[in-house]
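Student: Let me give you the structure first, and then I'll get to my questions.
The values are calculated or read from the model by the stated rules, or taken from the named source; none is laboratory data. What you see is a predicted model; the values in this text were computed from it and never measured. Backbone-built Cβ (ideal geometry, glycine too); neighbour counts: all protein chains shown. Remember, those area values only see protein heavy atoms, side chains included, never the ligands or the DNA or RNA. Shrake-Rupley method; radii C 1.70, N 1.55, O 1.52, S 1.80 Å.
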Amino acid sequence: MKKNIVGILLFTVVIFTSNLVKAQPAEAPAQQSAPIPLEIFLGTDGWTSQLIIDKKLAAGSKFGFFGLSYLKADYDNAEFLRESINLAFLKYDLFKGVSLLSGAVFNSHWGFRPYAGAQYAYHSKNFMGVINSGFHLTETQNFESLAIVEYRPPIKGAWSLYTHIQGIYSQNTEISKHDRSFLYSRLGLSYKSFSFGAAFNYDCYGPTKIEDQQWGIFISTVLK
């Protein structure tokens, strides 16, 4: 059942994304929409993949969509380290960079939960920053924050330095203890829309804070 739900969510995200890309005007203002980062990480013990969508529903609209699809697996197929996290939020802009969020979170370990919160986001040619904070509205009523910062200062021609830090922290408010967190860092080079380099993933699970640390390499691209 969970596999079917994950498949449906991923299929919906792909279809929705393709429709948004087709609907973009030829010369839409940069602040109206953002590229779609797609990354694959290959570590010492396993791999992850991630796709992020942060798009306006239409040019000039106050409504938008924020989605994140994350998959993790261990090379030995350890069940505990198999994970899928999917976020699907409708956004409403209050003022520049600040939006209300409402939607759902799906995690392969505990299932589906509705979500409400807020977002601050900033996008430019060389920099991206996003902070989401909010509550799961059922079950444990987790308070969860996600932060993503990415900076690509130019080096020469089509080459640039690539730096990326991403973290999530989820607190189970029912028992006032840690539920899930991670901190991922990337350092490498970008050539046009492609990036590659060294990576470190730190994952932490449950109230007892079981840790999983991996070094590896990453390759990513930006879908426009």
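Student: Conditions: (1) open to solvent by less than 20 Å² (accessible area, probe 1.4 Å); (2) more than 19 Å from H164 (Cβ to Cβ); (3) at pLDDT 90 or above; (4) not hydroxyl-bearing (S, T, Y). L68 meets all but one. Number of the miss?
Tutor: Every condition holds for L68 apart from (2).
Student: Does any residue of the range 187-197 turn out to be within 29 Å of E79 (Cβ to Cβ), at pLDDT 95 or above and in a strand (DSSP E or B)?
Tutor: Quick first cut of the range 187-197, residues within 29 Å of E79 (Cβ to Cβ) only: none.
Looking for residues that are within 29 Å of E79 (Cβ to Cβ), at pLDDT 95 or above and in a strand (DSSP E or B), one finds none in the range 187-197, hence no.
Student: Within the range 2-11, does at least one residue satisfy the condition of being open to solvent by 20 Å² or more (accessible area, probe 1.4 Å), modelled with pLDDT of 50 or more and not in a loop (DSSP other than H, G, I, E, B)?
Tutor: No - not one qualifying residue is present in the range 2-11.
Student: Just need a number here: residues in the range 96-131 that are among the hydroxyl-bearing types (S, T, Y) and open to solvent by 60 Å² or more (accessible area, probe 1.4 Å).
Tutor: Residues flagged as among the hydroxyl-bearing types (S, T, Y) and open to solvent by 60 Å² or more (accessible area, probe 1.4 Å) within the range 96-131 amount to 3.
Student: Can I ask one more? Taking I148, is it in a strand (DSSP E or B) and closer than 20 Å to I85 by Cα?
Tutor: Judged against the criteria, I148 is a match.
Student: Has the range 176-198 got any residue that is open to solvent by 70 Å² or more (accessible area, probe 1.4 Å), without any contact (Cβ under 8 Å) to a residue 12 or more places away in the chain and either under 28 Å from Y92 (Cβ atoms) or more than 14 Å from the chain's Cα centre (by Cα) (or both)?
Tutor: Yes.
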